[in-house]
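Read the structure below first, then the notes.
The values are calculated or read from the model by the stated rules, or taken from the named source; none is laboratory data. Keep in mind that what you see is a predicted model, and the values were worked out from it rather than measured. For neighbour counting, all protein chains shown are included, and Cβ atoms are generated from backbone atoms with ideal geometry for every residue, glycine included.
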Amino acid sequence: MNKSFDVIALGELLVDFTENGLSGQGNPLLEANPGGAPCNVLAMLQKLGKKTAFVGKVGRDMFGRQLRSAAESAGICMDYLRVDNEVHTTLAFVKTFPNGDRDFSFYRDPGADMMLRADELPLHALENTRLFHFGTLSMTHPDVRFATRKAVTVAKNAGALISFDPNLRPPLWFDLEEAREQIAWGLSRCDILKIADNELEFMTGEKSFDRGAAGLRQNYPNIKVLNVTAGAEGSYSYYGNTRVFVPGFRLGGTIETTGAGDTFCACVINYVLEHGIEKLNERQLTEMLRFANAAAYLVTTKKGAIRSMPEREQVETILANN
């Protein structure tokens, strides 16, 4: 059965203010980069030729208008973006360290992305996507959590694959035990999981990726493709009885890591959509991780995410030369 969309993602759409030098008076200059993990994922999927749509909420303000424009320019269907008349668009201020890592300060108490309600969901669209992707920033507060859970259930019941990225941001949770509970719910519903090394340890208490992944697979047998990202070190894939590790691309030029994990996630989703989720072999998993690692590296050489996604040809050039 043909579906209207390849991927629909739900969650936060926000502005990442990143440092961009100093003014003549010595004050830090901040660049307003459009971002938010779910839309970052969709932006990369658009580059790979997939038809995508976003479900979320922004404020009726200059930032909300900027975000809609940026996402539409990336080719993402924004027909299901809601606008809140009272609550402003969520903002994130990003401190970048010399190694490219980041520290986030969020202006989201409240933020418009938290205001999405279940009765605002596009149910027909959710029933007509091949895959649904979500994270946990849309699960930090009760109303948007209910909306997220309903969207997952509607898409899953209609036969969509479910992709989940915990994307843990501790400052946005009142209680990390609540974060753990919501991540566990996501783990129990997904077919494809992208989880960062720190999140794996947070959920399992294991520093060993192999032991941590084994624990998750035992507790959540629904997860078919489990990928662990370890920053510049590379990534791991656990599938059936197969374990694959592919080192990251260390080619220099890294500016910041915003969007790298989202780019990786998008490439994995794209691979599964093109090759199916059944009977993947070691060669295919290696191919999947190499492409995802290369794309993630390219994003780290630019600022921001939605407007920084590489073309397929750029990724293939990296792979051909390395």
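A single member of S188, S235 is surrounded by fewer than 15 Cβ atoms within 10 Å (Cβ to Cβ) and within 19 Å of the chain's Cα centre (by Cα), and it is S188.
Residues in the stretch 153-171 that are of a type in the set (A, V, I, L, M, F, W, C) and either surrounded by fewer than 21 Cβ atoms within 10 Å (Cβ to Cβ) or over 21 Å from D109 (Cβ atoms) (or both): V154, A155, A158, A160, L161, I162, F164.
Scanning the stretch 310-322 for residues that are surrounded by fewer than 18 Cβ atoms within 10 Å (Cβ to Cβ) and either of a type in the set (K, R) or under 19 Å from the mean Cα position of the chain (by Cα) (or both) gives E311, R312. The criterion of at least 3 residues that are out of contact with any Pro (no Cβ under 6 Å at 6 or more places or on another chain), within 30 Å of Y271 (Cα to Cα) and at pLDDT 95 or above is met by the following strands (runs of 3 or more DSSP E) wholly inside the stretch 50-162: 52-59, 77-84, 129-134. Pairs are defined by a Cβ separation below 6 Å, a sequence spacing of at least 6 or placement on different chains, a first member in the stretch 245-266 that is touching a residue at least 40 places away in the same chain (Cβ under 8 Å), and a second member that is acidic (D, E) and in a loop (DSSP other than H, G, I, E, B); the pairs so defined are C265/D165. For I162, indicate whether it is farther than 25 Å from M115 by Cβ and in contact with a His (Cβ under 9 Å, 6 or more places away or on another chain). Considered against the rule, which asks whether it is farther than 25 Å from M115 by Cβ and in contact with a His (Cβ under 9 Å, 6 or more places away or on another chain), I162 comes out as no. Restricting the stretch 18-47 to residues that are crowded, with 21+ Cβ neighbours inside 10 Å and either farther than 18 Å from C265 by Cβ or of a type in the set (A, V, I, L, M) (or both) leaves a set whose member that is modelled with the lowest pLDDT is T18.
For the stretch 286-309, a residue qualifies if it is more than 16 Å from the chain's Cα centre (by Cα) and closer than 21 Å to E72 by Cα, and the qualifying residues are K302, K303. Taking the numbered list (1) surrounded by fewer than 22 Cβ atoms within 10 Å (Cβ to Cβ); (2) within 19 Å of the chain's Cα centre (by Cα) in turn, R217 passes all entries but (2).
Filtered by the rule that a residue be of a type in the set (G, A, S), over 14 Å from A71 (Cα atoms), part of a strand (DSSP E or B) and in contact with a helix residue (DSSP H, G or I) (Cβ under 9 Å, 6 or more places away or on another chain), the stretch 1-31 gives no residues. Return yes or no: is C265 buried (at least 16 other Cβ atoms within 10 Å of the Cβ) and not in a loop (DSSP other than H, G, I, E, B)? Yes, satisfied. Taken together, the residues in the stretch 287-302 that are assigned to a helix (DSSP H, G or I), surrounded by fewer than 24 Cβ atoms within 10 Å (Cβ to Cβ) and of a type in the set (S, T, N, Q) amount to 0. Candidates are the residues of the stretch 175-225 that are in a loop (DSSP other than H, G, I, E, B) and among the hydroxyl-bearing types (S, T, Y); the one that is farthest from F132 (Cα to Cα) is S208.
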